[in-house]
Amino acid sequence: MNAIEIRGLSKSFRGMYALNGLNMTVPVGAIYGFIGENGSGKSTTEKLICGHLVPDCGQMKLFGKDYTDAGVRVRVGALIENAGCFPSSSVYQNLMMQALNLGLLNPDEEIERVLKIVRMEDSAQIKFKNCSLGMKQRIGIAMALLGDPALLILDEPINGLDTDGMRIMREILVDITQTYGCTVLISSHLLGELEKIATHYGIIRQGKMIAELSAKEMDARARVFVALKTADMQKAATLLKGKYPNVHEEEGELRVYDVDEVEEVVEYLLKNGQVVSQVRKNKVGLEEYYIQLMSQKESE
Amino acid sequence: MEQNTLHFESPTFFQRVKRMLDVDFYRLFHTPMFYIFLAIAAIIPAMILGMTSIENADGVVQKLYDNTWQVIAADTPLYAVSDIAQYANMNMVFIFGGIMLSIFIGHDYKSGYVKQLFTTHAKKEDYMISKTAIGAFSMACMCITYLIGTVVSGLFVQASFAVNVWSLLCAIVGKILMSLGWASLYVFLNIIFRKYFGISIVSCFFFGTGILIVGAGALVGNSPLLNVFLYGSSVYACLSGNIWTVLVCLAVSVAWTGIYNVLGTYVLEKSDVY
């Protein structure tokens with residue numbers, strides 16, 4: 001069973017298609033990184049899943065049931081665009097309203113629990129409008145975590161946060177998925193951050209899913225390379241091209257692809273009179289894969 | 001919370017509505033707006049009774065109201081009013097209620113809290129029912145504070161309290177019952193204009209004044225047919241009322257509540273939330 005299964009989903013606004021036959025599969029327990037350019041349809045997809053928008057056509061299933069099923073929807077926690085809190089009410093009052101909305105039996109205990117998870121135990125009485133951006137995002141997560149969510153939908157939860165805020169948010173997300181086993185659909189432009197937590201990826205472009213793969217598949221696709229700089233880059237390139245099949249000059253450095261041993265490359269150049277001034281080993285990650293995929297689709 | 005289970009139990013209709021009502025009542029009692037409107041509802045009749053006066057044909061200035069209960073309801077059901085004394089009564093509570101409900105629902109959308117509500121409540125009728133109930137409750141409370149304000153100010157200005165108690169009771173109960181119908185109209189208007197907060201308030205004020213029925217009354221006269229409308233039956237709940245008045249108010253209020261709730265639910269289901 002999949003947590004989210006979408007087939008042929010379309011949504012238009014005044015004749016302009018935001019989603020055009022989208023297919024999406026999110027396995028149960030996954031942290032699904034949802035990636036795409038601005039206006040590609042990420043937020044629209046999330047709003048459709050949450051029932052905020054009405055689809056033109058298509059099918060959406062959550063845990064094998066129709067997305068309008070009241071039993072499933074009560075187990076969906078969402079942070080879409082903002083926390084959706086009343087600014088003049090305190091953090092506690094906002095959480096209490098959500099706890100009542102979910103019909104929780106012990107709302108005070110639940111509020112205490114989620115505030116602890118998002119590390120805001122001491123901020124319950126602060127008015128929402130007096131919270132910082134990072135705090136507001138964490139309150140949004142706390143709202144989404146109330147009750148027993150089986151699915152969390154988070155729209156750009158790490159955007160606008162400072163480095164420490166991002167780290168805290170990342171730790172919270174990993175913690176809740178590992179501890180409580182809920183499925184997370186998270187959209188973000190910060191691919192480096194997503195790469196640290198996601199178990200699956202979906203890449204959307206112009207309202208269509210262009211790639212869906214697991215982190216393992218991404219790792220398998222990832223190409224390792226040794227990047228280096230020498231005094232005579234041209235000569236070094238000629239030498240390396242004679243020995244290795246995939247040598248490219250990229251971003252002011254020489255990249256030798258599909259090579260595991262840094263020493264082997266450096267030694268070979270030294271033997272041929274080339275002194276290496278800088279060297280590092282790297283791999284083509286999510287960001288590079290995403291850029292490649294996007295430029296490939298653009299040229300099609 | 002323990003490790004997540006993938007067993008999904010659907011809440012019953014009553015559980016769903018209760019949860020939504022719990023949220024709305026919590027919010028209502030924890031925001032100053034509700035208490036401010038209760039105070040306004042109490043102050044307005046005091047101001048009307050104590051401060052309004054009119055110049056008669058002989059040029060003598062006299063009090064507009066000679067009886068305290070005229071501030072609660074008109075003597076007879078006059079749909080087309082000829083002076084302010086026939087118009088300015090407890091029906092004004094429905095205008096305040098409309099404005100309050102517009103602000104209440106408007107904040108749902110402005111804050112984005114409506115997203116939380118619609119994420120966890122797949123059935124849109126929950127929202128309509130809950131907001132109607134909140135509106136009706138608020139207006140009923142305002143009717144009571146309005147009554148208190150009227151009595152207190154009547155004592156202060158030493159106006160007459162002579163009245164047929166049974167008729168007065170029927171008029172007050174009739175007007176309180178009308179709160180439900182008015183609330184459903186305002187919720188519906190706020191759903192229609194949910195993207196335009198200003199238009200929501202203006203439309204609630206416009207319909208709350210009953211101006212269309214006042215106009216219709218001027219054209220067709222005091223026809224009992226006008227009782228089928230919310231303002232018509234609100235006017236019908238007057239100081240010459242009886243049990244029949246209460247029954248008419250109940251029937252009209254419930255009927256319009258049903259109609260507006262069905263229409264509002266349909267609009268919410270067929271259109272985007274924001």
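FYI, it's all coordinate maths here, none of it is from the lab. Keep in mind that this is a model prediction, so the values were computed, not measured. Heads up, the Cβs are rebuilt from the backbone with ideal geometry, glycines too, and the neighbour counts pull from every protein chain shown.
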Calculated diffusion of region A:10-50, Stokes-Einstein form, Kirkwood radius summed over Cα pairs, 4 °C and 1.567 mPa s, µm²/s: 114 µm²/s
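So for chain B, what percent of the C-alpha to C-alpha distances run longer than 32 Å?
Values: 10571 of 37401 pairs.
Cα-Cα pairs in chain B separated by more than 32 Å: 28 percent.
Can you give me the relative contact order of region A:223-283 as a percent, contacts being Cα pairs under 8 Å and 6 or more apart? Don't jump to the answer; show the numbers that get you there.
Working: 94 pairs, mean separation 32.1, N = 61.
It comes to 53 percent, rounded to a whole number.
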In whole Hz and in residue order, list the ³J(HN,Hα) couplings for region A:256-271 that follow from phi through the Karplus curve 6.51 cos²θ - 1.76 cosθ + 1.60, θ = phi - 60°; x for Gly and Pro. 9, 7, 6, 10, 8, 8, 5, 4, 4, 5, 5, 4, 4, 5, 4, 4
Tilt relative to chain B, helix B:13-29 - C-alpha long axis, 0 to 90 degrees, to 10: 60 degrees
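Can you give the Rg to Rh ratio of the protein assembly as shown, both from alpha-carbon atoms, with Rh computed by the Kirkwood formula?
On the way: Rg = 32.3 Å, Rh = 27.7 Å.
On the Cα set of the protein assembly as shown, Rg over Rh gives 1.17.
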Per DSSP, the loop-located chymotrypsin sites (Phe, Trp or Tyr not before Pro) within region A:1-94 having at most 12 other beta carbons within 10 Å are none
May I ask you to derive the relative contact order of region A:1-57, considering only C-alpha pairs under 8 Å and at least 6 residues apart, and to give it as an integer percent? 37 percent
Return one number: the angle in degrees, 0 to 90 and rounded to the nearest 10, between the long axis of the Cα atoms of helix A:107-117 and the longest principal axis of the Cα atoms of chain A. 10 degrees
Report D for region A:223-283 in µm² per second (integer): Stokes-Einstein, Kirkwood Rh on Cα pairs, 20 °C, 1.002 mPa s. 193 µm²/s
Of all alpha-carbon pairs in chain A, indicate the percentage at a distance above 27 angstrom. 51 percent
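Using only the Cα atoms of region B:29-135, what semi-axes does the equivalent ellipsoid have when each is the square root of 5 times a gyration tensor eigenvalue? Give whole Å, largest first. Provide the component values of the computation, followed by the final result.
On the way: eigenvalues 318, 43, 21 Å².
Its equivalent ellipsoid spans semi-axes of 40, 15, 10 Å.
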Kindly identify region B:163-274 as rounded, prolate or oblate by the Cα gyration tensor criterion: order the square roots of the eigenvalues as a ≥ b ≥ c, call it rounded if a/c is under 1.5, otherwise compare a/b with b/c, prolate if a/b is larger, else oblate. prolate
Mean residue ellipticity at 222 nm from the helices of the protein assembly as shown, using -39,500 (n - 2.57) per DSSP H segment of n ≥ 4 over the full residue count, to the nearest 500 deg cm²/dmol? -17000 deg cm²/dmol
Loop trypsin sites (Lys or Arg not before Pro), region A:103-212, which have at most 16 other Cβ atoms in a 10 Å radius of their Cβ (DSSP): A:R119
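Normalise the Cα radius of gyration of region B:58-117 by 2.2 N^0.38 Å (N = residues in it) and let me know the number.
On the way: Rg = 18.7 Å, N = 60, 2.2 N^0.38 = 10.4 Å.
Compared with the compact-globule rule of thumb, region B:58-117 sits at 1.79.
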Out of the DSSP beta bridges found with both residues in the protein assembly as shown, what percent are antiparallel (nearest 5)? 70 percent
Mind pulling the angle between the C-alpha long axis of helix B:32-51 and the longest principal axis of chain B? Nearest 10 degrees, somewhere in 0 to 90. 10 degrees
Residue pairs, from the table A:K42/A:K216; A:K127/B:K175; A:K216/B:K115; A:K127/B:K131; A:K136/A:K283, whose Cα atoms sit over 29 Å apart: A:K127/B:K175; A:K216/B:K115; A:K136/A:K283
Scattering profile of region A:145-289 at q = 0.11, 0.12, 0.17 Å⁻¹ [log10 I(q)/I(0), Debye over alpha-carbon scatterers]: -0.60, -0.67, -0.95
dims of region A:163-246, Cα set, principal axes, largest to smallest, nearest Å -> 55, 34, 23
